[in-house]
Amino acid sequence: MNAHQSLAIGRPIETLEAISPAPVGLDPMVRFAGISKIYPAYRGKPGVNALQDIDFAIPRGSITGVIGRSGAGKSSLVRLINGLEKPTTGRVIVDGRDISALAGRELRLAQRSIGMIFQHFNLLSSRTAADNIALPLEIAGWAKADIKARVAELLALVGIADKHDRYPSELSGGQKQRVGIARALATRPSVLLSDEATSALDPQTTRAILDLLANINRELGVTIVLITHEMSVVRQLAKEVVVLDAGRVVESGHVADIFTHPRHPITQSFLAEVIGDSLPVSLASRIVSERPAGGQAVIRIQVRGAGAGDTVVVRLARELGLDVALLSARIDEIGGQHVGSLTLGIPGGEDAVTRTLAWLSQYQLPAERLGYVA
Amino acid sequence: MSPELINLIIQATFESLYMVGIAALLGTAFGLPLGLFLATSRKGELFAAPIVNRVLGIVVNATRSTPFIILVVAIIPFTRLVAGTSIGSTAAIVPLTIASTPFIARLVEAAIREVDGGLIETASSFGASPLQIVFKVLIPEALPGLLLALTLAVVSLLGYSAMVGAVGGGGLGDLGIRYGYQRFMPEMMLAVVVVLIALVQIVQSAGDYLARRVNRRLRHR
């Protein structure tokens, strides 16, 4: 179930027949085919092209992040998956079924195999934790005894068995989201949609909730689609990522590939959020454009890829015989790849700088000269 | 105060309770579904029917803007048709119901609209039908507001019921006007007012208590 399939992008699918029947392994959980979503002008407000030319697939059993700034079209995209909205053009195939073509009772039946969790949890204040989890089962017409057993199972799964009779107003944010997750999983869906599910939580609770989602993905094989504007969420949980900007997919693929070699400015800006491209103020304020007597040249190296950063300073110093100074460093791990930057001080004359840059380019480590410090 | 007068007050109190009680029941029976529909039938809502919504809204507003005493007189033929007579407490229930239905409908509409739209979306996302959303989400979530709305309606009905004395409806208001005002018996007027104040107080306290009991939103730890 957890096979890593790359996201197919940029191949418009003309007809449903073209993608079905699909060979095993190429059969995605969700496929967007030629999707656009236009909200028509209404009461003096102009129309909005929320989504355009959306063609990509979400692999079965994957955790796929959909990241974008607010207004990028993330919410529209996720609402197409569970049929809460209809595309203006194109089809949305979920688990082999064209959900965009369903309506009424058929749509409601299909929606039971798609769970969703929300930023503000959306729990019923009039129901206890257990009764909130029971709601989708009541709607699906389960027998009382079956509901009771299933709810107990779900409360244990999300780790709040002791909160059975608590009302949402008596629960913390993290506990509320656990109830939300249990409720979304109640009818054993094959897809779990997460719409900014951790955006209202503190960092520690966010981590716990993301760990829970990772467990659910691993143990139940549920495909998870994470809608978020936070790079840290994608980094911690997702294996695949789709970057949305202004209603279009600007990049998609493995998290490690996308974020070690970001091509689009939006992707680069998301990356900057986690690796902090800016220099420490104390260092930045000391950098000058003319070399002071006895000063060092400041060189910044972009670190991208597995193990790329860990030995570079030592090897550089040894192979070139330079007393390299480490001025600032920030390296993080995204999808098992090192991503970050090292800022070095190179002593000696211009010759040492030239040799250093040549050595770095030999190892495909992008570098730039920022100036000099005394 | 003579026993006869006290008997009059007791009888009038029961007449008032009878009129208000039945009118509140009927007003809720008609007003609750009407209010639910008004709250869910605008463009893009659960039972979207924008034109019907508009028309019903205008009818509701028209009924609510007609002064109650004029409504009572204007619908006398209709009252006679429904109740068989246009005089007495039973007849008075007809205009009271007609006046309270749109009032309750608007209060219900407001209470239902208070329910977080995200909950409707949530229920839809796991395949709830519009009726399931009404009965499993909207009404339970709006229940505290609905109970307060009903309390307000009953209190208003007590006020309205005083006016139906004008067409022989009986009740406390009628007693107050005929004995207290027209026969210059200030002690009778005072007694009527005291009973009305007590009734309103009891209704309001009971409503507040029930609404608080079903409200799980504010009960914190």
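Please treat every number below as a calculation from the coordinates, not as lab data. Not measured: the values here are computed from a predicted model. Neighbour counts are summed over all protein chains in view; Cβ atoms, including those assigned to glycine, are modelled from backbone coordinates with ideal geometry.
In table form, for the structure just shown:
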item	result
Condition met for A:LEU271 (touching a helix residue (DSSP H, G or I) at 6+ places or on another chain (Cβ under 6 Å) and in contact (Cβ under 8 Å) with a residue 60 or more places away in the chain)	yes
Residue tally, condition surrounded by fewer than 16 Cβ atoms within 10 Å (Cβ to Cβ) and within 14 Å of chain B (Cβ to nearest Cβ), over the range A:134-161	2
Qualifying strands (runs of 3 or more DSSP E) (wholly inside the range A:248-351; at least 1 residues being in contact with a strand residue (DSSP E or B) (Cβ under 9 Å, 6 or more places away or on another chain) and more than 27 Å from A:MET231 (Cβ to Cβ))	A:296-305, A:325-334, A:337-346
Residue within the range B:102-114 that is among the aromatic types (Phe, Trp, Tyr), closer than 22 Å to B:TYR160 by Cβ and away from every other protein chain (no Cβ under 14 Å) present	yes
Among (1) farther than 29 Å from A:LEU51 by Cα; (2) touching an Asp or Glu at 6+ places or on another chain (Cβ under 8 Å); (3) surrounded by fewer than 17 Cβ atoms within 10 Å (Cβ to Cβ), the one test that A:HIS264 misses	(1)
Within the range A:93-111, tally of residues that are buried (at least 19 other Cβ atoms within 10 Å of the Cβ) and either facing chain B (nearest Cβ under 8 Å) or under 20 Å from the mean Cα position of the chain (by Cα) (or both)	3
Flag if B:GLY180 is more than 30 Å from A:LEU124 (Cβ to Cβ) and of a type outside the set (A, V, I, L, M, F, W, C)	yes
Residue satisfying condition, being assigned to a helix (DSSP H, G or I) and either more than 30 Å from A:ILE35 (Cβ to Cβ) or within 14 Å of chain B (Cβ to nearest Cβ) (or both), within set A:ASP165, A:ASP131	A:ASP131
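So that you can scan it fast, the table gives a plain yes or no per residue for (1) of a type in the set (Ser, Thr, Tyr); (2) assigned to a helix (DSSP H, G or I); (3) in contact with a Gly (Cβ under 9 Å, 6 or more places away or on another chain); (4) within 22 Å of B:GLY145 (Cα to Cα):
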{"position": "B:PHE47", "(1), (2), (3), (4)": "no, no, no, yes"}
{"position": "B:THR90", "(1), (2), (3), (4)": "yes, yes, yes, no"}
{"position": "B:THR97", "(1), (2), (3), (4)": "yes, yes, yes, yes"}
{"position": "B:ILE104", "(1), (2), (3), (4)": "no, yes, yes, yes"}
